[in-house]
Amino acid sequence: MSANFVFGRRSTVRASFFLGLLPVVVFAILPAAAVFVVAMTDIRSLPFLPVHWVWFQNYETFFSAAQIGYNLNALKNTFVFAFAVTIVQNILALLIAVLLNQKLRGTTFYRSVVFFPTILGVTVIGLIWTLMFNPTASPGAAIWHLFGSSSAFFGDPNISLYLVIFVQIWAGIGVAVVIYLAGLQAIPNELYEVANIDGASSWQKLRLVTYPLLAPSVTANVLLCIVGSLQSYQLIYVLTGLNNNATQVLSLAIFAQGFGGAGGSSQSQGYAAAISVVQFIMVSVISLIVMAYLRGRERKL
Amino acid sequence: MVTRKLQLSIKSIAGAMLGAVLLAGCSAGNPSATTSGSQAIPKGTLNMLVSSSVGSDAGFKAVNKAFEAKYPGVTVKFSSIPNANYNAVRSSRLTAGGIDVGLADPVQVPSYIPASNEGDDARLADAGGLVDLSKQAFMTNFTPTVLDAIKYKGKQYTVPTGLSYYSGVYYNKEIFQKYGLQIPTTWSEFVTVCKTLQSHGVVPLGISGKDSSGINMLGVVQNLFPTAADKVALAKGLWDKSVKLTDAKPEQVLNQVKQMYDFAEPNFAGVSYATMTSGFVKGQFAMMSDGTWNQTTIQAAGGSALNYGYFPLPSSENPADNAFLGGKVELSLAVPSNSKNEGAALAYLSFFSQPANYKSFLKEAGFAPTEPNIQLSPFYTSIATYTKTFEPAWDTIWIANTKSGAKAQFPFDYNDIAPLGTMTPQQAATASQAAWAAGF
Amino acid sequence: MTTGRILSYFAVAVVMVFYLFPLVFLLNTALKSNAEFFSNPLGVVQHLAIGNFGTAWTRGNFGAYMLNSIVYTAVAASLGTLISLLVGFPVSRGYMKHTKIWYGLFVALLFLPNALVTQFQLILHINLYGSQLGYILIMTAGIGVGPLLVSGYVKSIPVELDEAAALDGVGYLRYVFGFLPSLLKPVLSTVFILQAIGVWNDIILATILLPDQSKSPVTLGLFAFQGTYTSQWSLLAAATIIVALPLMVAYIFLQRYLVASVIGGAVKG
């Protein structure tokens, strides 16, 4: 990467860079850093209450014998959810993006349709699929009936996680497709022309031209997906509620502990912040590993 | 609506914040005297925050309208937030001093339980965040036994807006008549009724697995440990470890819950509250385990065509144990001590408590009255025998150990029993006992 | 048509079914009256209840909220996109030292822990609680994947362009604001739309930071329907369609820029 600045004084770059970064630092990064501080207190959600410095007690509670079963279950569900969503969503999105990048009739319409769920927002998507998978009377129930059985769908602990994964993928493909499309557009046409002259098949073009040059988009999408799915909880909340063991993920547990007021085990917001930190560490580690791998491949390609 | 979620055994409603300072000032100025104290004319903005529910929202709106009509100088800003966001909103507005009248429910923790298990509202009251209403004249409008039930450390911090009962089941009278069934008064009779219905191809019981499955557990506990003293003894026994969740009677709770699951509609684990209600109204099942707060909705949906009633779930073999319904005090209003318009807040509460206004609230909200001498709606009249003595429900007595695992929250682990979960009642009892013990 | 193209159309059809069916189902539900949905939740609507949209509009008070949402989204997403550009471009080119650290920051932006409580406390303490400015600032700061996307895309714009412009006497800022946007249309549109969606669909921060209902965005209008457990599905469905429509329009409009690719031409030159 060239470090030659061609536009004269560097001060302009620096000034504009830091000026742009300022609101982000103040309003996003600082509050996020403050969460680490909050995690070491026993602050509760209401004012007037005394706050104490408890250092790492919240973390001890998280890993304590009483909570560990619940937390391990949440972690397990989180991993299953994140990996399934990331892998399937990216494969499907890439295929769809390639499909829609062709000059078919009505591609604008198709792209809009695929993107539509992203616009709808989580609550609406939750509503749609709750309707679609209502055990008593819904399209989902009708399809199951065709196979001679019925199901509690989101209430069935054996399949609810997979249903949630399905909905998450459905909702997330739109963004991934858009990013892949933008990446596909950046591939110069000449390369395809050259490949055509060389007599390459569609599959070979995909493998040798498209995929390598799409690497940055793949990185971005996979990263986005991992992080998004590790942090996503609102959809799961809407579809299966706050206290469902089968679909309890870490981010939902954070929300439940911090704001849910669930049951008698109302922990403090300090504890919720501590879980946030644990989640952050987990997400960072996984993301960095994945990113290092992907960037390495990017460079090779 | 969502306040009915019984999986939340903490009724995290309302922040009543009363400041001792205010109390001193108040008793001097006697603001609760109804209308014409010249010091007491409220003005300005009154910020009101409640958790959203169809009935109570309509009730509050009716009262607010009348209040504004009476005191033109006051503007009531009424916010009702759905449960999913309610806690976050309440917390932030409280911190910013943006609530004048809100909901609160401080629960006193018995002496044998460490104070660290206090709920947030109790801590709030301890820290002086709620205005003490004990000496307010308008409190005399309410039934003394109800006020006693919600006392916190000897003080009254909240105004009880109504009562709800939820240890019973609605039943479809026509279906019962068709198969010659009587209201069961013992558990065996209940099981027989269910089996009879099943043999005729009728689904006996409607349960909403998704939203309110906990209500079955509460219904069973209610009459297996009939009096408040029994329940308190159970709680104490669990806390001092003389009672285990794997003992006969606690495990019996889970067994009976499982039996109810077996009588419920297929795939009830995924059925939402709305679907269950509409199913009952359409006559898809004979009974429905639910609370009295839903009655106005059922009435509106079914109209005069639906002939229904409500009776206590007879979880005990002894009919005398099954005589009463368990319930709780519904939304309780309180005033935060950092309220910016305490005068108007207290005037509002005073206005609310006047029987005429209170009646207009009840009419919409569908609660049972917390004031004496109020004529009951036909529905509440029909269950008057079951509500003669107010029996608190289990979730108003039970306080969980925050150090224990999540499976010991209620502490009966109904959520893990198939088909909601994957365990048998025995396994669930063992799991919750292990989780409970881990907290000591 | 070649088999390839037939297959393509078939694949597209399959995808469309998976996407259109639930959306059509939502529309179908929105067009039923409450009573009809109650008795027949599954079937095709028999008596169109277009009035649902009108009722939903009034009940949710969408008229008042719509303008708020448009302002918040337009301002926050525009500023956010601007920031992404200002911050992503120089790092991608290496014009800022310590490139690796900045990349690390961009990535860290993605997985910041949920800072609802601390953001609220910040806004409260700088006296912006209840103000639209405070809300917009928080929304602007949610740039998420923007800088990463811009950085990645910028790589496909040859450095020679920068050098050529500099030789012509174009200053840095003029280059970034004047020349780059047209070259970066696809990625800037993407970044804008992504952030716009986040801002438009935000509920929780709006409820916490803007207690005054006159400043509420459109998502809060949905509260009027969310509180109920009764069969208000049809009205709720209608309301959600209303909420989604403006974003849909914005997307269709921006779609054209996503399609255009000027890169090929620039490289040729």
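Here are some notes:
- Remark on residue B:326: its backbone amide H falls under 5 Å from those of B:166, B:167, a criterion applied only to residues 5 or more positions apart or on other chains, H modelled at 1.01 Å from N.
- Helix C:185-200 vs. chain C, principal-axis angle (Cα, 0 to 90°, nearest 10): 40 degrees
- Using θ = phi - 60° in the Karplus curve 6.51 cos²θ - 1.76 cosθ + 1.60, the 3J(HN,Hα) couplings for the stretch B:322-327 round to 8, 6, 10, 8, x, x Hz; x is entered for Gly and Pro.
- Note on residue C:108 and residue C:160: the extension gain reaches 15.7 nm, defined as 0.36 nm multiplied by sequence separation minus the Cα-Cα distance.
- Measuring nothing but how far apart in sequence close Cα pairs (under 8 Å, 6+ apart) lie, relative to its length, chain A scores a relative contact order of 28 percent.
- Each label was represented as a point 7 Å from its Cα along the Cα-to-Cβ direction; for residue B:151 and residue C:214 these points are 4.6 nm apart.
- Residues in the stretch B:121-145 reached by a label modelled at residue B:374 [backbone nitrogen below 16 Å; 7 Å Cα→Cβ]: B:138-145
- Take the Cα of residue C:18, go 7 Å toward its beta carbon, and the backbone nitrogen atoms of the stretch A:105-147 under 16 Å from that spot belong to A:110-118, A:129.
- Other protein chain C-beta atoms within 10 Å of residue C-beta, averaged over B:111-123: 2.
- Solvent-accessible area of residue B:200 with every protein chain in place, 1.4 Å probe, in Å² to the nearest 10: 100 Å²
- In order through the stretch A:78-85: 3J(HN,Hα) via Karplus (6.51 cos²θ - 1.76 cosθ + 1.60), integer Hz, x for Gly, Pro: 4, 5, 4, 4, 4, 5, 4, 4
- Compared with the dominant Cα axis of chain C, that is its longest principal axis, helix C:116-125 is turned about 80°.
- At R0 = 45 Å, FRET efficiency that the Cβ-Cβ distance of residue B:426 and residue A:166 yields, to 0.05: 0.85
- For the protein assembly as shown, adding -39500 (n - 2.57) for each run of n ≥ 4 DSSP H residues and dividing by the number of residues yields -17500 deg cm²/dmol at 222 nm.
- Once the Cβ-Cβ distance of residue B:137 and residue C:125 is raised to the sixth power relative to R0 = 35 Å, the FRET efficiency obtained is 0.35.
- The stretch A:1-126: relative contact order in percent, alpha carbon pairs under 8 Å with at least 6 residues between: 9 percent
- Less than 5 angstrom separates the built amide H of residue B:308 from those of B:173, all sequence-distant by 5 or more or on a different chain.
- Chain B, relative contact order [Cα under 8 Å, separation at least 6], %: 27 percent
- Using Cβ point charges alone (K and R +1, D and E -1), the dipole size of the protein assembly as shown about the Cα centre works out to roughly 1940 debye.
- Residue C:58-residue B:307 FRET efficiency (beta carbon distance; Förster radius 35 Å; 0.05 resolution): 0.50
- Residues in the stretch A:30-38 carry Karplus couplings, in order, of 4, x, 5, 5, 4, 4, 4, 5, 4 Hz; the curve used is 6.51 cos²θ - 1.76 cosθ + 1.60 with θ = phi - 60°, and Gly or Pro positions show x.
- Listed residues A:106, A:121, A:140, most fluctuating in chain A (Gaussian network, C-alpha, under 10 Å): A:106
- More than 15 Å apart - percent of Cα-Cα pairs taken over the stretch B:116-174: 60 percent
- Neighbouring partner chain Cβ atoms per residue of B:389-401, average, 10 Å criterion: 1
- Inter-label distance for residue B:195 and residue A:149, nm, one decimal - labels placed 7 Å from Cα along Cα-to-Cβ: 2.9 nm
- Other-chain or far-sequence residues with amide H under 5 Å of residue B:75's (modelled H): B:44, B:45, B:46
- Segment residue A:158-residue A:284, extension gain: residue separation times 0.36 nm, minus the distance between their alpha carbons: 42.4 nm
- Note on the stretch B:373-440: Kirkwood hydrodynamic radius from all Cα pairs is 14.5 Å, rounded to one decimal.
- Under Stokes-Einstein, with the Kirkwood radius over Cα pairs as Rh, the value for chain B at 37 °C and 0.692 mPa s is 146 µm²/s.
- Distance between the stretch B:148-170 and the stretch C:126-181 - C-alpha centres, whole angstrom: 57 Å
- For the peptides A:272-285, C:90-103, C:168-181, the ranking by packing is A:272-285, C:90-103, C:168-181, with the highest mean count of neighbouring Cβ atoms within 10 Å listed first.
- Residue among B:170, B:157, B:112 with the largest mean-square fluctuation in a Gaussian network model of chain B, springs linking Cα atoms under 10 Å: B:112
- Size of electric dipole in chain C: Cβ of Lys, Arg +1 and of Asp, Glu -1, about Cα centre, debye, nearest 20: 300 debye
- Projected area, mean over directions - the protein assembly as shown, Cα convex hull, nm²: 41.8 nm²
- Rg to Rh quotient for chain A, alpha carbon positions, Kirkwood Rh: 1.04
- Each 5 Å bin, from zero up to the one with the longest distance, holds this percent of the alpha carbon pairs of chain C: 1, 5, 10, 12, 13, 13, 13, 11, 9, 7, 4, 2, 1, 0, 0.
The values are calculated or read from the model by the stated rules, or taken from the named source; none is laboratory data. For clarity, every value in this text was computed on a predicted model and none was experimentally measured. We place every Cβ from the backbone using ideal geometry, glycine too, and count neighbours over all the protein chains shown. The area values use the complete protein model at the heavy-atom level, side chains included, leaving out ligands, DNA and RNA. Shrake-Rupley method; radii C 1.70, N 1.55, O 1.52, S 1.80 Å.
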